[in-house]
Structures are given as C-alpha cells and as structure tokens.
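Engineer: Sharing a structure, written as structure tokens. Questions coming.
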Amino acid sequence: MDIDFHDITLSVNGTKYQRRIESRLLLSDFIRHDLALAGTHVGCEHGVCGACTILLDGQPVRSCLMLAVQANHHELSTVEGLADKAGEYHPLQQAMHEHHGLQCGYCTPGILMTITAFLDENSSPSEDEVREALSGNLCRCTGYQNIVDAVLAAADRMRG
Amino acid sequence: MPLSDFQITENTSIFFDLRGGPSHTFKGGVLLNGIVPHFIPLDASAMKPAPFKYVAATSLAQALALKAEYGDDAKFLAGGQSLMPAMNFRLAQPAILIDINGIEDLAGIHPSGATTRVGPLTRYRALQRDEAFAGMFPLIDEALPHIAHPQIRNRGTIGGNLSHADPASELPAIAVALRARFRVQTAKQERWVEASDFFVGALTTDLKPDEMLVEIELPRVKPRTGACFMEIARRRGDFAIAGVAVMTTLGERGECTGVRLAFCGVGETPIDASSAADALIGHQPAQTTIIDVAKAAQAMIDPGGSVHATADYQRHIAGVLTERALRTAQRRARDGH
C-alpha cells in the first residue's frame, strides 16, 4: 500500500504548526516526535493509563487514542503551555510541588492537563469529585493522597 | 533508528529521513541547557497501527458510499475509544478508515413527543451535560459515570459504543431495557432494528458491512416509572463484573405494572431478563418476591468468568445487584424521581 500522507495545520499552546504526516501516526507520537514536545508522556498506548492526556479544544482527551490527522484545524494544549511566559508555575503545578504530588513524575503531565481543565469547570470541588476526576490517570508512586491534597490546595488558591 | 542517523546542524534543527518519505525537519524547543534531547523519529516499524487510508468524510452520503465500496475492509471512526486501542494492538487492521467526526448532522439530541432521537455521534459528555435528557432518561444518566473516565467520555460516542457491542458495556443493556430502536442506513436504503435484535454476539451486531447506525430512538418513559442502574467493577471505570439496568412502572394504586430488567457483563450480549420479574406484575412490591425475581434472573444468565471474577461470583453479584436495583427503582417510582 502506498503511504497515506496528509498535510495538517494545528495549534499547540498557541503556536501554529504545519506538518505532513502519515495517517496512522498517533497524536501522542506526533506531539512527542514531530513537534519535539516530550512533556506529553506515553504509557499504555491503549487508553488506560492517562499519561498522554492533553486538551483538545479545551477538553481532556487521550492523545494515544487519536490520530494526528484528526487534530487538523484543532487547538491543542500540552503541559509545556501551563507555566506562564516568565516561567512561573501554574497554581496546580506549584501545589503539586508543595504537597509532594509526584515522585517519578511520569503520570504528572497527564494529571496536570486533566485537572487544570477540571478546575476550570469546577472551582470548588469536593474531595470525592477530585478523586472521580483523577480516576482516569494512573499513578503508581503517590497513592493519590498527595495529589488530592494538591488539587484541593490549588482550587483554594485559584479561588483567591 | 540509531542516533548516528541524525545530522545535527548548527541551529539545532534535526534532519532525518522519515518513514521512507521526503527528508523531514523539525524545529522548536530542541535545545535545553545546551543539551540536545534524544527525540527519536518514528520509522514505519514503530507505528502502532497497521497502515490504512484515511478519509475525513464531510457528509453521511460520502461515508456510506465509501462503506458500500469497501465493506468490511472499511471502518467508521467515531470517538475511537474502542477502535483505536484495537488498532494500536493491530487486532483491527482496516484498509480504509472513514472518519465521521466532521459530519455534524450525526450528533445531537432531538426530543419529539413520544420519542427522543439521538444522533450516533453524540458524545457521552454531551449526554451527561444535557439536563433535560438526564431528566427524561435517568437510567442513562445514572450509567454514564460508570463508562470509563472523563477523558474517554469527552470523545466516546453513543453510536460507536452500540456498534462496537462490547458485552461488558453499559449502553447496550440500557438500550435493551429502554426498548430502543436503531435506524441503520446504507447508501441506498434504511431499516429499523429493535435493540433486542441488534446485539447478536460479543462485538457483533446485526449491522451489514455497508450499513451505519444513524439514529437511536428512545421511547418516552411512562409516568410513575423508577429507574436504577448499578454495576460492580474492580476499579472505577473498569469493565463491569456485572451490571444491571432496571425500570419499574407502578399503577395508580402502587401496584407494579411493568418491569424492564437487563444485564451487562454476564454474557456475550446484553441479557434481557425482564421475564424474570413477571411475578411482580399486578402486585404491591414485596421483599420476598424481589428475592425470588433475583433468583429467577440469575438462572437466565450464563457468565463466562475471567481472571477478575469467577462465573459463580458474577452470578452472585448479578443477583445481589438485581435485588438492590429493583428495590431502588420501586422506591423512585413511588417517590416520583
């Protein structure tokens, strides 16, 4: 079979990219290998672990369960876009740091993307709601307690 | 590909021959503290899915024409939350992938009198966020949080779920409980299929190679009906060991006038066990009858067992959930919510 190439244009963290890619290239691999944005991590590559979670038009999705070609004309956000231009952490990143919400850090980008979108929609979540929001992201280091603490602290700080 | 295949130029752009195609460039964010990170370009052998031709369909007619042409060699791509894992494992290797996400007409919830029509491309998230829909179909509303995780529900679609026909999935059992009807269409004609006839085996439906599920029709729920969905899974969002969907309708004197009862996760298809509840019909709900109904329902299933649960345990769970769901649905029917 001839290789099936497609030209795509998309925006990632506000930067426009134009690339020619093969149709079977996963969005997660495209972000990491073609755009060299390796903050998006790849774990199971079948939608279970949540490490590759990014925002597609503002909503958290598994980037390993989408094709890069499907992101044509869409806006993506990845962990590289969370800190501000001066390098200041997002309040959730700061809270994860302060509450020891990570150890090895492999799951962290996916959790940050899931929870920043969650906090945008729910600024005063209960602990149960936080745990439900985290249910699609596996972490094998922390036992989740410190992540939950960090999310609640970040929500508190972001409410001001 | 060994790193020696890279040519690193002065401006830190990296050139390499990508997948046999033309020389490919990427730039941006490469240099961090003077260290060039090891971004390994993917050669063809490192791609997860097998090769396919991708078409972003812009109309239903185009999508159906392609399906008519390629039949089983073509797959529709909706939310992709089951198809993409199968393709990543190369369990599915379609030659043509017809992406229907751009066909906006296929998404949407349309209440109209006695029925509500739901487009197959309607995502779980949209169903969850439509309060009017949740009010009309509390059974679906109660089941949606059990379907995987928020990230999956942002992409997954009702039509993709039903067409995939996973035996452990919640929506096929709910469609059977609700007596849903499906409109399926080819490039030339359409037909209607009852939910109870649609699911013919594990991951197998009544859909022909040239057909697409294009509409889900949900009949209006009768007054004084209580609904309840329950399932047990090892972890949040996992496939159910057993799940049960119940709708109980009461008469004006509080007597039971109808019960719909369907299981997921305990057979190759959703199991309609409504007839197990015949003993309840015409009577005031009684605890002893509910226990008998649960036993009769258990006798109607033949779960396969797995590493997560033996067949006996699945049957036990199905019985316990049936009792609980029947009691809850009756209470809700009586209390009006």
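Engineer: Describe numerically, in nm with one decimal, the distance between label points set 7 Å from Cα along Cα→Cβ at B:Arg236 and at B:Arg117.
Structural biologist: Spacing of the two 7 Å Cα→Cβ label points: 3.8 nm.
Engineer: Once label points are set 7 Å from the Cα along Cα→Cβ at both A:Gln18 and B:Asp335, what is their separation, rounded to one decimal in nm?
Structural biologist: Between A:Gln18 and B:Asp335, the label points sit 6.1 nm apart.
Engineer: Stretched out fully, how many nm does the piece from B:Gln93 to B:Glu131 gain, at 0.36 nm a residue minus the Cα gap?
Structural biologist: Contour length minus the Cα-Cα distance gives 9.8 nm.
Engineer: Hey, another quick one. Expressed as a whole number of Å, what is the distance separating the alpha-carbon centroids of the stretch B:87-158 and the stretch B:269-294?
Structural biologist: Value for the Cα centre distance between the two parts: 30 Å.
Engineer: Could you tell me what percent of the DSSP beta bridges with both partners in chain B are antiparallel, to the nearest 5?
Structural biologist: That works out to approximately 85 percent antiparallel.
Engineer: Sort B:Asp166, B:Asp278 by Cβ crowding within 10 Å, fewest neighbours at the top.
Structural biologist: On the way: B:Asp166 17, B:Asp278 11.
Result, fewest neighbours first: B:Asp278, B:Asp166.
Engineer: Further question: Averaged over peptide A:31-40, how many Cβ atoms belonging to another chain are found within 10 Å of each residue's Cβ?
Structural biologist: 4
Engineer: Another question, if that's okay. How large, in Å, is the protein assembly as shown by the Kirkwood hydrodynamic radius built from its alpha-carbon pairs?
Structural biologist: Here the Kirkwood hydrodynamic radius works out to 24.4 Å.
Engineer: Looking only at B:Ala65, B:Ala311, B:Ala286, which one moves most when chain B is put into a Gaussian network model with springs between Cα atoms under 10 Å?
Structural biologist: B:Ala286
Engineer: Right, next: Among B:Ala195, B:Ala78, B:Ala50, which one shows the highest mean-square fluctuation when chain B is modelled as a Gaussian network with alpha-carbon springs under 10 Å?
Structural biologist: B:Ala50
Engineer: Between rounded, prolate and oblate, where does chain A land on the alpha carbon gyration tensor, with a ≥ b ≥ c its root eigenvalues, rounded for a/c under 1.5, else prolate if a/b exceeds b/c?
Structural biologist: Prolate, since a/c reaches 1.5 and a/b exceeds b/c.
Engineer: Separate question: Counting other Cβ atoms within 10 Å, which trypsin sites (Lys or Arg not before Pro) in the stretch A:71-144 have at most 15 and lie in a DSSP loop?
Structural biologist: Listed in order of number, the matching sites are A:Lys85, A:Arg140.
Engineer: Testing the spin-label approximation: label points 7 Å from Cα along Cα→Cβ at A:Asp2 and B:Arg324. State their distance in nm.
Structural biologist: Label at A:Asp2, label at B:Arg324, 5.7 nm between them.
Engineer: For peptide B:80-90, compute the average count of partner chain beta-carbon atoms within 10 Å of each residue's beta-carbon.
Structural biologist: The shielding value for this peptide is 5.
Every number here is computed from the coordinates shown, using simple stated rules; none is lab data. A quick note: this is a predicted structure, and the numbers were derived from the prediction, not measured. Methodologically, a virtual Cβ is constructed for each residue, glycine included, from the backbone with ideal geometry; neighbour enumeration extends over all protein chains shown.
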